[in-house]
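Below: one structure, written as structure tokens.
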Amino acid sequence: MAKNKRLSKEDKRRLDWEHNDSIICTSFCDALIKNKKLPSLQSLADSTGLSYKTVQRHLEQNSFESFKQRFRAGNEMVMIN
């Protein structure tokens, strides 16, 4: 039987960050499509269930260009289907 491998704190932190980043990006894109304007930090926090500070940190660490690239990739996938 294989041993259970425990994640290090750093690995867990990274997985949490990636998960939260995905949730924030999805919420950001959904709000942009629905409202035709950039969402506020508070509206993203409310829609994701994450804290205002968490959303703020993620948006500070990601440039708007990275969101634009993800959004564009999503639009291209919709167009293909």
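Tell me which residues, restricted to segment 27-36, are open to solvent by 30 Å² or more (accessible area, probe 1.4 Å) and assigned to a helix (DSSP H, G or I). Before the answer, list the steps.
Step one: of segment 27-36, the residues open to solvent by 30 Å² or more (accessible area, probe 1.4 Å) are 30, 32-36.
Answer for segment 27-36, where residues must be open to solvent by 30 Å² or more (accessible area, probe 1.4 Å) and assigned to a helix (DSSP H, G or I): 30, 32, 33, 34, 35.
Of all residues in segment 37-52 being more than 18 Å from residue 19 (Cα to Cα) and in a loop (DSSP other than H, G, I, E, B), which is least open to solvent (accessible area, probe 1.4 Å)? So that I can check it myself, show each step before the final result.
Filtering segment 37-52 for residues more than 18 Å from residue 19 (Cα to Cα) gives 37-40, 42-43.
Pick out the ones that are also in a loop (DSSP other than H, G, I, E, B) and you get 37-40.
Working: 37: 133, 38: 104, 39: 25, 40: 61 Å².
Filtering first and then ranking leaves 39.
The values are calculated or read from the model by the stated rules, or taken from the named source; none is laboratory data. It should be emphasised that the depicted structure is a prediction, and the values quoted were computed from it without experimental measurement. Note: areas computed on protein heavy atoms with side chains; ligands, DNA, RNA excluded. Shrake-Rupley method; radii C 1.70, N 1.55, O 1.52, S 1.80 Å.
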